[in-house]
Each structure stands twice: as structure tokens, then as C-alpha cells.
Amino acid sequence: MTDRMGDEGGMARQRREMVEQLKSYGIGNPRVLEVFGMVRRELFVDEATRAYAYDDCAWPIGYGQTISQPYTVAYMTSLLFERRPAGKVLEIGTGSGYQAAILDALGYRVFTIERIAGLFEMAGRALESLDIPVERRLGDGTLGWPEEAPFDGIVITAAAPHAPQPLLDQLADGGVMVAPIGDLAFQQMTVIRRIGQRFEHEVFHGFAFVPLCGREGWPE
């Protein structure tokens, strides 16, 4: 397996072990697994936790936010990729930038929105250092990016009380949204596909994310 982003600090073995663990957890799409073996997760975490970057854990990244555990990122990515394997994707909640890097490596054209200025800058440095061509915006992700709509995929990386209507409006016909929807304590991963003016829902496993804040999310 070739690591197109290079390798530093002997992390390639840990990435391979992470991929094997993802397989054991039921992540089976070979292309998704290949990409998780390529993208250097250690560059998207704090230096203090870099040695543990490939553990299946969520780590704090500052400002009360976390980088999701690898399984969670792989699970969401698989739900999208298996239903819409190409096109233009909007990510809500850039966070560390790791999910955006995964989506880019899969071949999507990626747009991402982050509401916290410090994270916006941190993720930008990580993505730019790897020459990852992600379009970024600082602002309220629950309102989407209407100037760039429609999107073939939308991924929400925080707990949403409901599917934000502006984001549903920005889905292309046949487009897919992946979002954890529920209350602040527990959410169910939900896939929403747009078919004309109708939206079909699939509900999957439960997760616990930080809250999606914004006009169409939870209050600050």
C-alpha cells in the first residue's frame, strides 16, 4: 500500500494496524480502507497526542472540540462513498481537517465549513502543508454554502438536532447527506437521499458527537 503523503516517525505500521482494526470492526469497502492507510492522521492531532493518533479514540483538538475516532470517520465515509462515490461534497465542521483529507483522497471535490476561527486556521495549515486542495470557509455550517450548491454529498461531523433545511435544499437530486441526528447525549447516524423534492431516510448505529452549533443547530 503506497502512502502518497509520505511518512515520518515510523507511523506507516500504525496506519496498517489501524486499517486491520477497521476491518475487524466491519469496515469493508476496499477503497475506503486504502485511503485510511494513506492519509497521515498524526498530522491532524496535537503534538502531545501524536504518538496515539492511530488508536481508535477521539482526541481533543482545542476549543472544546475533538477529532473523531478512526472508526467513526470510516463509518461515515463508507456510508457516503457506497451511495455516492464521486462528485462535490460539503463537510460541515472542518475540525482538525482529517475528514476533509480523507474525502479528498477518495477523489471528491471537497468544500468544508468551520465556525471556530482557531480550528479553521489550524486545519488550514495542516491541509495546505500536504497540498490538499480543499475549499474552506469560516462561518455557520448549518446554513451551508449556497453559492457552490448543489452538492452530491453533505457530511455533518457534529450532533444535529435535525437535518438543517438549508443543507437539504443544497443537496443535488440523488445527493446524499450523512449526519448524526438526535439529542445532545445520543445521536443515530442518518443517511438522507434526495429524490426530487422527496427525502428518503436510513437510520443506523448510535454515536455521541460534540454539538452542531448554529442557526439551524444547537445554540452556542
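The values are calculated or read from the model by the stated rules, or taken from the named source; none is laboratory data. Quick caveat: nothing in here was measured; it's all calculated off a predicted structure. Cβ sites come from the backbone with ideal geometry, for glycine too, and all protein chains shown count toward neighbours. Side chains are part of the model used for accessible areas, which takes the heavy atoms of the whole protein and leaves out ligands, DNA and RNA. Shrake-Rupley method; radii C 1.70, N 1.55, O 1.52, S 1.80 Å.
Points to keep in mind about this one:
- Modelled label positions at E47 and A117, each set 7 Å beyond Cα in the direction of Cβ, lie 2.4 nm from each other.
- Annotation: per residue accessible area for the chain equals 43 Å², rounded to a whole number [probe 1.4 Å, protein chains only].
- Local electrostatic count, R215, Cβ distance below 13 Å [Lys/Arg +1, Asp/Glu -1]: -2
- Between the C-alpha center of the range 94-114 and that of the range 167-220 there is a gap of 17 Å.
- Exposure ranking of K88, K23 by accessible area [1.4 Å probe, largest first]: K23, K88
- Per-residue HN-Hα couplings for the range 153-159 [Karplus 6.51, -1.76, 1.60; θ = phi - 60°; Hz; x = Gly/Pro]: x, 9, 10, 9, 9, 8, 6
- Rounded to whole numbers, the Karplus 3J(HN,Hα) couplings from phi for the range 12-24 are 4, 5, 5, 5, 4, 5, 4, 4, 4, 5, 4, 4, 5 Hz, using 6.51 cos²θ - 1.76 cosθ + 1.60 with θ = phi - 60°, and x at Gly and Pro.
- Phi angles across the range 185-201 convert, under the Karplus curve 6.51 cos²θ - 1.76 cosθ + 1.60 with θ = phi - 60°, into 3J(HN,Hα) values of 8, 8, 10, 10, 5, 10, 10, 10, 10, 8, 10, x, 9, 10, 10, 9, 10 Hz, Gly and Pro given as x.
- Three-way shape call for the range 148-220 based on the alpha-carbon gyration tensor, with the a/c threshold at 1.5: oblate
- If you model the range 14-134 as an ellipsoid using its alpha carbon gyration tensor, with each semi-axis the square root of five times an eigenvalue, the axes come out at 21, 18, 12 Å, biggest first.
- Amide H contacts of I61: T66, I67, each under 5 Å away and 5 or more positions distant or on a separate chain (H built 1.01 Å from N in the peptide plane; Pro and chain starts excluded).
- Ranked packing of 125-131, 97-103, 186-192, most packed first, by mean Cβ within 10 Å: 97-103, 186-192, 125-131
- If you wrap the tightest convex hull around every Cα atom of the range 17-66 and split its volume per residue, you get 83 Å³.
- Contact order normalised by residue count of the range 38-83, Cα under 8 Å, 6+ apart, percent: 24
- Reduced Cα scattering model of the chain, Debye log10 I(q)/I(0), q = 0.15 Å⁻¹: -0.93
- Fraction of accessible area attributable to carbon and sulfur, the chain (%, probe 1.4 Å): 50
- Stretch gain in nm, segment R13-A172, where the contour uses 0.36 nm per residue and the Cα spacing is subtracted: 53.3 nm
- Rounded to the nearest 10 degrees, the inclination of helix 70-81 to the longest alpha-carbon principal axis of the chain is 50 degrees.
- The range 1-134: relative contact order as a whole-number percent, Cα under 8 Å and 6+ apart: 21
- Nearest-ten-degree value, helix 117-129 long axis tilted from longest Cα axis of the chain: 50
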